[in-house]
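Trainee: Got a structure for you, questions after.
The values are calculated or read from the model by the stated rules, or taken from the named source; none is laboratory data. Remember, predicted model here, so these are calculated numbers, not experimental data. Cβ: placed from backbone, ideal geometry, glycine included. Neighbour counts: every protein chain shown. Surface accessibility is based on the protein's heavy atoms, side chains included, excluding ligands, DNA and RNA. Shrake-Rupley method; radii C 1.70, N 1.55, O 1.52, S 1.80 Å.
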Amino acid sequence: MAMVVAAAVFLRWLPHHGWFVGTLVGGAIAAALAINLTQKHRFHRAVRGINRETMPPHIGSTAAVAASVVVLALLGIYTVLFLPLQP
Amino acid sequence: MPENSNTGAKDARGRLASRLLRGGTEPDPRFTLANERTFLAWIRTSLALLAGGVAVEAFMAGLLGPELRKTIAVLLLVLALVIGGGSFFRWLNVERAMRSNTPLPLPLIAPVLAIGGALVAAIMVVFVIARPA
């Protein structure tokens, strides 16, 4: 949900910075979609883990979420610093 | 009963997890889940900073000069970057500490967030005071 909100805020940049912002919006939406689609799987894995009293850490999904936020922030910095404002 | 009764779970771990989280024993799953929730809270903070940076750049065009606007936006976006990346390493270090039954590490991203937030707030306070009426 926070990713969707971030994508919605990125939309505000679209008239100012042009099509490049579309990659930010698309990236945030894709990350939100991936998180939402795998939510059920993660929930069942957590339930099984609690039931068996042991649960391997979700290192891949954790790293993917952190990486997507880092990439979005990098693209945001690039947009502010290097993309000229369009009239 | 031996301390580590979860040897089967060790095999269930992926290659990446086995490589990054070597040794130790599987902690209580509730602690692992609590660590994940804390990680997600940091990620939400990072996304809020990201949205804040975008908002400053997009909505304050009439209020702030272009240089000041750019500085605050970049500061917020860098803060989002550091918090987003740092939250993963915090999660990993806490997971390692729980596996090896050692004290939890101090979150280094907490003072970074505090100092960064205070810096942005200070810039805004100076701007509001110095701005001609």
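Trainee: Within the range A:23-55, which residues are in contact with a Leu (Cβ under 7 Å, 6 or more places away or on another chain) and open to solvent by 20 Å² or more (accessible area, probe 1.4 Å)?
Mentor: If we filter the range A:23-55 for residues that are in contact with a Leu (Cβ under 7 Å, 6 or more places away or on another chain), which is where we start, we get A:23-25, A:27-28, A:46.
If the condition is that a residue be in contact with a Leu (Cβ under 7 Å, 6 or more places away or on another chain) and open to solvent by 20 Å² or more (accessible area, probe 1.4 Å), then A:Thr23, A:Val25, A:Gly27 are the ones that fit.
Trainee: Here's another thing I want to ask about it. Of everything in the range B:20-32 that's at the interface with chain A (Cβ under 8 Å from one of its Cβ atoms) and surrounded by fewer than 16 Cβ atoms within 10 Å (Cβ to Cβ), which residue is nearest to B:Arg99 (Cα to Cα)? Can you show your working first?
Mentor: Step one: filter the range B:20-32 for residues at the interface with chain A (Cβ under 8 Å from one of its Cβ atoms), giving B:20-21, B:26, B:28-30, B:32.
Subsequent filtering for residues that are surrounded by fewer than 16 Cβ atoms within 10 Å (Cβ to Cβ) retains B:20, B:28, B:30.
Details: B:Leu20: 12, B:Asp28: 9, B:Arg30: 13 Å.
That would be B:Asp28.
Trainee: Among the residues of the range B:33-59, write down those that are more than 18 Å from A:Ala67 (Cα to Cα) and either of a type in the set (Asp, Glu) or buried (at least 24 other Cβ atoms within 10 Å of the Cβ) (or both).
Mentor: B:Gly53, B:Val54, B:Val56, B:Glu57
Trainee: Note down all Cβ pairs under 9 Å where the first residue falls in the range A:60-77 and is within 7 Å of chain B (Cβ to nearest Cβ) and within 14 Å of A:Val9 (Cα to Cα), the second is modelled with pLDDT under 90 and outside any helix (DSSP H, G or I), and they're at least six residues apart or on different chains.
Mentor: Listed by first residue and then by second, the contacts come to A:Gly76/A:Trp13.
Trainee: Further, regarding this structure: Are any residues in the range B:50-105 within 13 Å of the chain's Cα centre (by Cα) and in contact (Cβ under 8 Å) with a residue 60 or more places away in the chain, and if so, which ones?
Mentor: B:Leu92, the sole residue that qualifies.
Trainee: Taking the range A:1-22 as the region of interest, how many residues are touching a residue at least 12 places away in the same chain (Cβ under 8 Å), open to solvent by less than 40 Å² (accessible area, probe 1.4 Å) and closer than 21 Å to A:Pro84 by Cα?
Mentor: Here the count works out to 7.
Trainee: Let me ask something else about it. Which of the residues belonging to the range B:69-82 are basic (Lys, Arg) and open to solvent by less than 30 Å² (accessible area, probe 1.4 Å)?
Mentor: Hit for the range B:69-82 is B:Arg69, nothing else.
Trainee: Just the residues that are touching a helix residue (DSSP H, G or I) at 6+ places or on another chain (Cβ under 7 Å) and either open to solvent by 60 Å² or more (accessible area, probe 1.4 Å) or more than 13 Å from chain A (Cβ to nearest Cβ) (or both), please, taken from the range B:83-115.
Mentor: Within the range B:83-115, B:Pro103, B:Leu104, B:Pro105, B:Pro107, B:Leu108, B:Val112, B:Leu113 meet the criteria.
Trainee: Same structure, new question: Within the group B:Ala61, B:Ala48, which residue is hydrophobic (A, V, I, L, M, F, W, C) and either touching an Asp or Glu at 6+ places or on another chain (Cβ under 7 Å) or outside any helix (DSSP H, G or I) (or both)? Before you say what the answer is, go through the steps one by one.
Mentor: Details: B:Ala48 fails: either touching an Asp or Glu at 6+ places or on another chain (Cβ under 7 Å) or outside any helix (DSSP H, G or I) (or both).
Matching residue, one of B:Ala61, B:Ala48: B:Ala61.
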